[in-house]
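Report on the following structure.
The values are calculated or read from the model by the stated rules, or taken from the named source; none is laboratory data. Here the structure is a predicted model, which is why all the values come from computation and not from measurement. In this analysis, Cβ positions are derived from the backbone assuming ideal geometry, glycine residues included, and neighbour counts consider all displayed protein chains.
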């Protein structure tokens, strides 16, 4: 079974979009995915047997056995890549779970507020994405929760939009304070 386009992309990415034989990058030449042990000699389409190479390096070597250092290097790189992907996947799940917890904290704080008619104050349906974006920009959940009362002073129909403006202004102020601190040469965390 031939290597899938997805597998080929993962091999290219694993190898840094660089020919393993001559070192040329995609901007310099057309890159291909090649078998380390050729299919004609029993090589498989497993990632450990695939390598990124440029077209000139790949031409004319379809049934030439590679030297063992290259085979070992590709196998070691494939193992490192697999371990890095496992770590990234685990970290990704941990990040999603942490964002879920942070959104629950925010949801509880927002939900404590009511309109004059004792209804929940509405907000955008994609509010969790906003929370994640603001936290990625440097705010903490404590910042976001403490800004809620300010937004609740706005008319009910505009509360979420007003809240977003308050958050962006706060973020802009914090960014300016950070720039000022760096400009003063004081970058250490107190």
Just one listed residue, out of 83, 65, 76, 48, is assigned to a loop (DSSP other than H, G, I, E, B) and either out of contact with any strand residue (DSSP E or B) (no Cβ under 8 Å at 6 or more places or on another chain) or at pLDDT below 95 (or both), and it is 65
Condition set out of contact with any helix residue (DSSP H, G or I) (no Cβ under 6 Å at 6 or more places or on another chain) and surrounded by 14 or more Cβ atoms within 10 Å (Cβ to Cβ), scope the stretch 166-180, selection nearest to residue 117 (Cα to Cα): answer is 170
Open item on the list: So, residue 108, is that one modelled with pLDDT of 90 or more, within 24 Å of the chain's Cα centre (by Cα) and closer than 30 Å to residue 143 by Cα or not?
Closed with: no
Is at least one residue of the stretch 136-147 exposed (fewer than 11 other Cβ atoms within 10 Å of the Cβ) and out of contact with any strand residue (DSSP E or B) (no Cβ under 7 Å at 6 or more places or on another chain)? yes
### Query
Taking residue 78, is it in the same structural domain as residue 22 (by the TED database), surrounded by 11 or more Cβ atoms within 10 Å (Cβ to Cβ) and in contact with a helix residue (DSSP H, G or I) (Cβ under 7 Å, 6 or more places away or on another chain)?
yes
